[in-house]
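Here it is: the structure, laid out below.
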Amino acid sequence: MRLFIGTEEECDRRAALEVVKQIKSKPDSVLGLATGSTPIGMYRNMAQAYRDGEISYSRVRTFNLDEYVGLAKKHPCSYYYFMREYLFKDIDIPADNIDFLDGTASDLAQECARYEENIENCGGIDLQLLGMGHNGHIGFNEPDTPFESLTHIVELTESTIKANSRFFDSEEEVPRKALTMGIKTIMHAKKIIFFVKGAAKAEVVRQVLQGPITPKVPASVLQLHPNLCVFLDHDAASKLNL
Ligand code: F6R
């Protein structure tokens, strides 16, 4: 594991640099992407690298971790909409290279199977970006999700619904279900960037990186990944035993 601790801005820059390095060494890289507040600064830096002519995303393919059930791409709270706003509209990635879970699919189980197949057909994810929820979730893999899980449908926990309600007009509007890559899908990525910010997650960061590996803390499985880069701001790292 490689661990970088710095200011929020330093983490945003350094994490984006990992992606830039990845694309320079393999222009047709397959990226796994995340939504949420954590990667926004990093995405700004990734878009800047494109504007500066440092890299092109024209051959990159992307798969996002998750999507709400029932929200169409054009819904302002859908994860697709988020990605378009914070990254896709600012880079040269062709629309056909963006694969996304469709939360409006009529057969959700089939949609999950399609996603797994497409990831495999691309040769697997080269670099997966992960944020983490306050309960240790990665993607929408809530506590007690089996480590063997592939892309699947989830019922969101009350704590996640509450946390995510900040993006909606009210808590009632947050969908109760989502589709997510599974923990096994995530762990198959060749390299993982695990990015956490904020004092509110400091205790769970300690459990994830220095506690037992257990489905009760889904992100703790990352200790088993052979190529893990961790980016923590000073607050998120404040309870680590260094
Ligand atoms: C989002 C995702 C989630 C978030 C997590 C942290 O695609 O997979 O696991 O990474 O909920 O969200 P923020 O960054 O908003 O604290």
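Checking GLU18 against (1) among the acidic types (Asp, Glu); (2) surrounded by fewer than 21 Cβ atoms within 10 Å (Cβ to Cβ); (3) within 16 Å of the ligand (Cβ to nearest atom), which test does it fail?
The one condition GLU18 does not meet is (3).
Here is a follow-up. Could you check THR62 against (1) within 16 Å of the ligand (Cβ to nearest atom); (2) in a loop (DSSP other than H, G, I, E, B); (3) not hydrophobic (A, V, I, L, M, F, W, C) and say which number it fails?
Failed condition: (2).
Do you know which residues across segment 110-152 are among the β-branched types (Val, Ile, Thr) and more than 13 Å from the ligand (Cβ to nearest atom)?
Those that are among the β-branched types (Val, Ile, Thr) and more than 13 Å from the ligand (Cβ to nearest atom): ILE119, ILE125.
Something else about it: On the basis of being within 16 Å of the ligand (Cβ to nearest atom) and part of a strand (DSSP E or B), does LEU3 make the cut?
So LEU3 fails the test.
Where residues in segment 169-185 are part of a loop (DSSP other than H, G, I, E, B) and away from the ligand (no atom under 14 Å from the Cβ), which of them is nearest to the chain's Cα centre (by Cα)?
That would be ARG176.
Within segment 153-168, work out how many residues are outside any helix (DSSP H, G or I), within 12 Å of the ligand (Cβ to nearest atom) and more than 17 Å from the chain's Cα centre (by Cα).
Number satisfying all stated conditions: 1.
Looking at CYS77, is it assigned to a loop (DSSP other than H, G, I, E, B) and either within 13 Å of the ligand (Cβ to nearest atom) or farther than 22 Å from ASN97 by Cβ (or both)?
yes
Here, each number is a calculation from the coordinates, and none is a lab measurement. Values in this document were obtained by computation on a predicted structure and should not be read as measured data. Counting neighbours? That spans all protein chains shown, and the Cβs are built from the backbone with ideal geometry, glycine included.
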